[in-house]
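Visitor: What follows is a structure written as structure tokens; I'll ask about it next.
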């Protein structure tokens, strides 16, 4: 599971399944429950899914970069640098999740959402960013950096 291409393929499968759950299933639920005054439900769902596609792609790219970076021979000899790269990647993923909520707020600035709806959107974005990154790197990081993700070392 830690070797190429298996870690890439499993990561892609996890991303696809989680996107289906958050974009399709949760998106349909939000489309039915969000009270929209100016926008249509179809517009809301399209924007919501577009935001989640962007977030999911960024999370997937970040994981793939980590696998590439961790598999390099020079990375194993400099674990402190690898730890910095991992932590910066994790911080970037948290920022991307927050940005997804901000993007939804800006796209629908004339609509009123409840706190629970904002939390659901943040949870969906989190599932594709820092939670996704942490789980994938925890179980599928290359051998030279397998103890770098939080929870392993």
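Visitor: Once you've got the GNM for the chain with C-alpha springs shorter than 10 Å, pick whichever of 77, 31, 21 has the biggest mean-square fluctuation.
Guide: 77
Visitor: Full extension from residue 143 to residue 98: what is 0.36 nm times the residue separation minus their Cα-Cα distance, to one decimal in nm?
Guide: Separation in residues times 0.36 nm, less the Cα-Cα distance, equals 13.1 nm.
Visitor: Hey, another quick one. Going by alpha carbons, how many degrees (0 to 90, nearest 10) lie between the helix axis of 6-19 and the longest principal axis of the chain?
Guide: 10 degrees
Visitor: Compute the distance in nm between two label points, each set 7 Å from the Cα along the Cα-to-Cβ direction, one at residue 65 and one at residue 12.
Guide: Here the modelled spin labels are 2.0 nm apart.
Visitor: A follow-up question, please. In units of 2.2 N^0.38 Å, what is the alpha-carbon radius of gyration of the stretch 37-86?
Guide: Here the answer is 1.87, to two decimals.
Visitor: Arranged by the count of other C-beta atoms within 10 angstrom, fewest first, what order do 141, 126, 109, 33 take?
Guide: On the way: 141 25, 126 22, 109 8, 33 11.
Ordered from fewest to most neighbouring Cβ atoms within 10 Å, 141, 126, 109, 33 come out as 109, 33, 126, 141.
Visitor: Same structure, new question: Once label points are set 7 Å from the Cα along Cα→Cβ at both residue 152 and residue 28, what is their separation, rounded to one decimal in nm?
Guide: Going by the 7 Å Cα→Cβ label model, 3.6 nm.
Visitor: Please rank 29, 69, fewest neighbouring Cβ atoms within 10 Å first, as an exposure proxy.
Guide: Ranking 29, 69 by Cβ neighbours within 10 Å, fewest first, gives 29, 69.
Visitor: Stretch residue 40-residue 111 to full length: gain in nm at 0.36 nm per residue minus the Cα-Cα span?
Guide: 24.5 nm
Visitor: For mean projected area of the Cα convex hull in nm², the listed values are (1) 8.8; (2) 11.3; (3) 9.2; which was obtained by calculation from the structure presented?
Guide: Of the listed options (1) 8.8; (2) 11.3; (3) 9.2, (1) comes from this structure.
Visitor: With angles folded into 0 to 90 degrees, how steeply does helix 115-128 sit against the dominant principal axis of the chain? Use alpha carbons for both and round to 10.
Guide: Result, in degrees: 30.
Visitor: Next up: Arranged by the count of other C-beta atoms within 10 angstrom, fewest first, what order do 19, 134, 66 take?
Guide: Ordered by Cβ neighbours within 10 Å, fewest first: 134, 19, 66.
Visitor: Using the alpha-carbon centroid of each, what span in Å lies between the stretch 89-132 and the stretch 1-26?
Guide: 20 Å
Visitor: May I pose another question? Pick from 52, 26, 119 the residue whose mean-square fluctuation is largest in a GNM of the chain, springs joining Cα atoms under 10 Å.
Guide: Greatest mean-square fluctuation among the candidates belongs to 119.
Visitor: Specify the angular offset, from 0 to 90 degrees and rounded to the nearest 10, of the alpha carbon long axis of helix 41-71 from the longest principal axis of the alpha carbons in the chain.
Guide: Tilt of helix 41-71: around 10 degrees.
Visitor: Quick one: if you stick a label point 7 Å off each Cα along the C-beta vector at residue 81 and residue 57, how many nm between them?
Guide: 3.0 nm
Visitor: Given only helices, namely DSSP H runs of n ≥ 4 each adding -39500 (n - 2.57), what is the per-residue ellipticity at 222 nm of the chain, to the nearest 500 deg cm²/dmol?
Guide: -24000 deg cm²/dmol
Every read-out reported here was derived from the displayed coordinates using simple, explicitly stated rules and does not represent laboratory data. Quick caveat: nothing in here was measured; it's all calculated off a predicted structure. Ideal geometry is used to build each Cβ from the backbone, glycine not excepted, and the neighbour counts take in all protein chains shown.
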